[in-house]
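Have a look at the structure below before the remarks.
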Amino acid sequence: MEILLHVCCGPCAIYPATYLKNNNITFKGYFFNPNIQPYTEIEKRIESLKELTTFLSLEVIWDEDMYTPETWFGFIGKKFNKKERCSLCYELRIAKTAQKAKLMGFSGFSTTLLYSKYQNHEEIKRVSLDISQKYEIDFFYHDFRAGWELGIEKSKEMGIYRQAYCGCIFSEKERYEKRLKRLTEKLSGN
């Protein structure tokens with residue numbers, strides 16, 4: 001089996017790439033993440049992934065539409081509601097990965113999103129299975145969360161950029177909600 005592995009960022013790719021290599025699974029990384037905002041954030045993530053490609057001898061296919069927020073906003077804007085935004089984001093990135101994998105002759109696809117303890121693992125799995133059927137290409141499933149600590153440890157050892165949010169503007173806002181609330185209270189005199 002040769003799979004195309006959707007990669008959201010360098011730190012999240014460490015354990016999945018190591019697992020696949022250790023299990024003699026042929027793969028290439030694929031970077032397509034139009035959800036990442038702002039541009040300076042995507043630059044940091046690209047740089048950390050480039051560092052990782054050298055460290056792990058990882059080949060990555062960089063999508064030509066690497067920074068296209070209009071793709072993401074256009075896709076989620078049609079169906080947006082707060083509860084479904086992550087599912088829509090998974091769908092956009094995983095579908096593009098499956099399409100690219102099929103076009104390039106890979107036998108399957110997977111995603112490093114399955115590594116994060118902060119993502120909705122079961123929803124990623126469900127979306128991936130649906131997309132696998134839709135595009136008639138195998139979905140390689142593995143619960144990469146088993147290597148969570150190892151991935152964190154290695155990324156710290158390497159000194160690569162480790163982001164504090166998933167990348168989307170809504171996640172960025174949530175990251176600062178308590179601070180925003182305190183600021184609002186301070187400004188209103190409470």
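The values are calculated or read from the model by the stated rules, or taken from the named source; none is laboratory data. Since the structure is predicted, the reported quantities are computational estimates derived from the model, not experimental observations. Glycine also receives a Cβ, built like all others from the backbone with ideal geometry; neighbour counts cover every protein chain displayed. Protein only, heavy atoms only, side chains kept; ligands, DNA and RNA dropped before computing areas. Shrake-Rupley method; radii C 1.70, N 1.55, O 1.52, S 1.80 Å.
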From the phi angles alone, apply the Karplus equation (6.51, -1.76, 1.60; θ = phi - 60°) to region 2-10 and give each ³J(HN,Hα) in whole Hz, x where the residue is Gly or Pro. 10, 10, 9, 9, 4, 10, 8, 5, x
Over region 91-190, calculate the relative contact order: mean separation of alpha carbon pairs under 8 Å at least 6 apart, over the residue count, as a percent. 24 percent
Under the classification rounded if a/c is under 1.5, otherwise prolate if a/b is larger than b/c and oblate if not, where does region 1-56 fall, given a ≥ b ≥ c as square roots of the Cα gyration tensor eigenvalues? prolate
Using just the helices of the chain, give the 222 nm mean residue ellipticity in deg cm²/dmol: DSSP H runs with n ≥ 4 each add -39,500 (n - 2.57), and the total is spread over all residues, rounded to 500. -18000 deg cm²/dmol
In percent, what relative contact order does region 1-68 have, based on Cα pairs under 8 Å that are 6 or more apart in sequence? 41 percent
Determine the per residue accessible area of region 19-70 with all protein chains present and a 1.4 angstrom probe, expressed in square angstrom. 49 Å²
I need the GluC sites (Glu not before Pro) found in region 113-190, filtered to DSSP loop residues with at most 14 other beta carbons within 10 Å of theirs. GLU136
